[in-house]
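One structure below.
The values are calculated or read from the model by the stated rules, or taken from the named source; none is laboratory data. From a predicted model like this one, the values you see are computed outputs, not experimental measurements. No Cβ is skipped: glycine too gets one built from the backbone with ideal geometry, and neighbour counts run over all protein chains shown.
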């Protein structure tokens, strides 16, 4: 019995295929080209604004493999203009191979590095998205578009992008903007107290997060990270910052912070990342983006896993990556991963924008929210 792939290949060569109603819309040029979304939760309707010239088709999140094989493959192939997006790895395991085989444009999708004022888990639409045709940017096991860009882009020759990167870094540091910006801004001196020793910040993550699963050769918990920081720095002032989703009760804490309370101070409030990095000398993380934001502030960073920003000569890497042989400056790393790699989008005007506009827009929205909150208190 011929395989499904062989059957589809023979069918596409048949005159019946060209004459079928499934392909007539494409051949006549009628209708918008279809964009199939795999793994996208239904609340992510914002994607329609990103692709107004496409017929957006949300594929069901849960399906049997036979359903993909016998229906969705056929439907994608029915229009030669079809394109496919997959949110992380939530599509069928064979999806990328299928798209590669039939030359269907395919990209993995994930939130960008400057996202919103609220957590994605609270259904806040993103201001930036990362599209990668090879793999998810946090997968250290295989090459990605981002890793390829960082390995090969001629940053020294592109004076314009480097100038933009430097200005964007300065603006991010001035505004204190981060990825989510959900934390409150407080007087860190009142929380940390007088500095009497080397101060280390341990960045907690959602331990089930895909960036840990695909970015680490070994499995680590947040408590493992705290214990390592204490073991390597016995006389330091160690502060543990749990992930905002854990502090807000959105995600479970796999490891109990109370088990390391005797060796570290635990932040109980969702303090903004920019404030939490003040007076810090050293950051320990598994794969968190917070490590990169610490680098922007000149703070030493130790990574147990292999996030996208490690392996370029800027971090204390506990998991080497033999593919990353190039040494980058922090400005070059930022230019590649923040300026060139993601796409930015204004949810109000519904237009694509650049990073400079995204920073200004997010800063303005935050200022308005803060003013509304202050007015409501007074």
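Segment 263-366 holds strands (runs of 3 or more DSSP E) entirely within its bounds, and those carrying 3 or more residues that are under 24 Å from residue 50 (Cβ atoms) map to 343-346, 351-353.
Only residues that are in a helix (DSSP H, G or I) and over 16 Å from residue 280 (Cβ atoms) were counted across segment 196-227, and they come to 10.
One line per residue, one yes/no per condition, for (1) assigned to a helix (DSSP H, G or I); (2) modelled with pLDDT of 95 or more; (3) not assigned by TED's automatic domain parsing to the domain that holds residue 209:
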position: 79; (1), (2), (3): no, yes, yes
position: 93; (1), (2), (3): no, no, yes
position: 96; (1), (2), (3): yes, yes, yes
position: 99; (1), (2), (3): yes, yes, yes
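If you go through segment 150-162 one residue at a time, do you hit one that is surrounded by fewer than 19 Cβ atoms within 10 Å (Cβ to Cβ), over 22 Å from the mean Cα position of the chain (by Cα), on the phi > 0 side of the Ramachandran plot and not in a helix (DSSP H, G or I)? No: zero hits. Of the residues making up segment 268-301, those that are touching a residue at least 40 places away in the same chain (Cβ under 8 Å), within 19 Å of residue 233 (Cβ to Cβ) and crowded, with 20+ Cβ neighbours inside 10 Å are 276, 277, 280, 282, 283, 284, 285, 286, 288, 290, 291, 294.
Of the numbered criteria (1) farther than 24 Å from residue 212 by Cα; (2) in contact with a strand residue (DSSP E or B) (Cβ under 9 Å, 6 or more places away or on another chain); (3) surrounded by fewer than 18 Cβ atoms within 10 Å (Cβ to Cβ), the one residue 329 fails is (2). Among the residues of segment 180-195, write down those that are part of a loop (DSSP other than H, G, I, E, B) and at pLDDT 85 or above. 193, 194, 195, listed by residue number.
Yes/no per residue for (1) at pLDDT 95 or above; (2) more than 28 Å from residue 188 (Cβ to Cβ):
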{"site": "315", "(1), (2)": "yes, no"}
{"site": "319", "(1), (2)": "yes, yes"}
{"site": "340", "(1), (2)": "yes, yes"}
{"site": "349", "(1), (2)": "no, yes"}
{"site": "361", "(1), (2)": "no, no"}
{"site": "373", "(1), (2)": "no, no"}
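When the criteria are applied in full, residue 226 fails the requirement of being over 19 Å from the mean Cα position of the chain (by Cα), under 27 Å from residue 150 (Cα atoms) and crowded, with 22+ Cβ neighbours inside 10 Å.
For residue 113, the requirement of being under 21 Å from the mean Cα position of the chain (by Cα), closer than 23 Å to residue 352 by Cβ and in a strand (DSSP E or B) is not met. Residue 279 meets the stated requirement of being over 18 Å from the mean Cα position of the chain (by Cα) and at pLDDT 95 or above.
Quick one: would you say residue 53 is farther than 21 Å from residue 210 by Cα, modelled with pLDDT of 95 or more and assigned to a loop (DSSP other than H, G, I, E, B)? Spell out how you get there, then give the answer.
Details: farther than 21 Å from residue 210 by Cα: yes; modelled with pLDDT of 95 or more: yes; assigned to a loop (DSSP other than H, G, I, E, B): yes.
So residue 53 passes the test.
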